Amino acid sequence: MSSHRQDAVRRLAAPDITGRKGGTPIVCLTAYTAPVAEMLDDACDLLLVGDSVGMVVHGLPNTVGVTLEMMILHGQAVMRGSKKAMVVVDMPFGSYEGAPEEAYANAARIMKETGAQAVKVESGPTVAETVAYMVKRGIPVMGHVGLRPQAVLVDGAFKAKGKARDERERILEEARMTADAGAFAIVVEGVAEGLAREITEQVSVPTIGIGASAGCDGQILVTDDMLGLFDWTPKFVRRYADLRGEITRAAQGYAEDVRARRFPGPAEIYFAKAG
């Protein structure tokens, strides 16, 4: 055995994230593939294998059609590509809303087959009991309040939440219940800024904002939105690149070179050895 063996990088885990409450903001992005996970790993504390993969990668109209098998496949890829960041896998629609025992079985399958450090569930009014059930049995759980993409068929569209008083109280209570049930962190999506700050102040675990408030304990964006891969992005996204433009220009340049027989050139061709 080599005496120069390097110690393995320790991957962040749920207690590390929980311990960041009120401290340096937690950096989170989504990842669905090994190469992207590798590129994001150094910059991020947490990589979320979001069920947004259904829309971003598979072209689905919403996240409702995402399956457990899809989440496991992409979770495995992200684990292969990352080394340091905590990896959390979304539980898809229909995999946790029933009996807690069924939710636990599905979560355990995700954990076993991907090696991820946690799962995430959307924290509707009936989910706190399930969160507690899973946490007590050794599965770290991240919650999600506010705009819940899996509820799009009930809401009719992706709408910001928490503007009306009764809705604010309901979301705040769901956040409290989720934290009390043992979630190690809570995503707060698409809510009024003041409500996001109030949730952050009232719950004992970190809040991860998306379309919420800079006062949250961390932030997350869909990586493909942040990189400018789509021609439209939500109001709460800041584009840090224009990869859609770069890819389009690269494809056009390639097409022009192929049609003009400029590609492949001498540098890209194999030649037989002389003699």
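The values are calculated or read from the model by the stated rules, or taken from the named source; none is laboratory data. Being a predicted model, the structure only gives us computed values, none of them experimental. A quick note on method: Cβ atoms are made from the backbone with ideal geometry, for glycine too, and the neighbour counts reach across all protein chains shown. Note: areas computed on protein heavy atoms with side chains; ligands, DNA, RNA excluded. Shrake-Rupley method; radii C 1.70, N 1.55, O 1.52, S 1.80 Å.
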Taking R0 as 45 Å, what's the FRET efficiency between ALA250 and VAL9 from their Cβ-Cβ distance, rounded to 0.05?
-> 0.85
Please give the net charge around MET55, taking every other residue with its beta carbon less than 11 angstrom from that of MET55, where Lys and Arg add +1 and Asp and Glu add -1.
-> -3
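Specify whether the C-alpha gyration tensor of segment 14-241 places it in the rounded, prolate or oblate class, a ≥ b ≥ c being the square roots of the eigenvalues: rounded for a/c under 1.5, otherwise prolate if a/b is larger than b/c and oblate if not.
Note, shape of segment 14-241 comes out rounded.
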Using a simple charge model, +1 on the beta-carbon of Lys and Arg, -1 on the beta-carbon of Asp and Glu, nothing else, what dipole does segment 14-241 show about its Cα centre, in debye to the nearest 20?
-> 280
For the chain, the percent of accessible surface on carbon and sulfur atoms (probe 1.4 angstrom, ligands and nucleic acids excluded) is 56
Of VAL53, ALA34, GLY218, which is farthest along the charge dipole of the chain in the positive direction, counting Lys and Arg as +1 and Asp and Glu as -1 at C-beta?
-> ALA34
For segment 14-241, how many pairs of lysine residues have a Cα-Cα distance under 20 Å, where the two are 8 or more positions apart or belong to different chains?
-> 13
DSSP-assigned coil residues among chymotrypsin sites (Phe, Trp or Tyr not before Pro) in segment 203-275, each with at most 12 further Cβ atoms within 10 Å | TRP232, TYR240, TYR270, PHE271
List, in order, the whole-Hz ³J(HN,Hα) value for each residue of segment 260-265 obtained from phi through the Karplus relation with A = 6.51, B = -1.76, C = 1.60 and θ = phi - 60°; use x for Gly and Pro.
-> 8, 6, 8, 10, x, x
Kindly report the accessible area of the chain per residue (heavy atoms of protein chains, probe 1.4 Å, no ligands, DNA or RNA), in Å².
-> 52
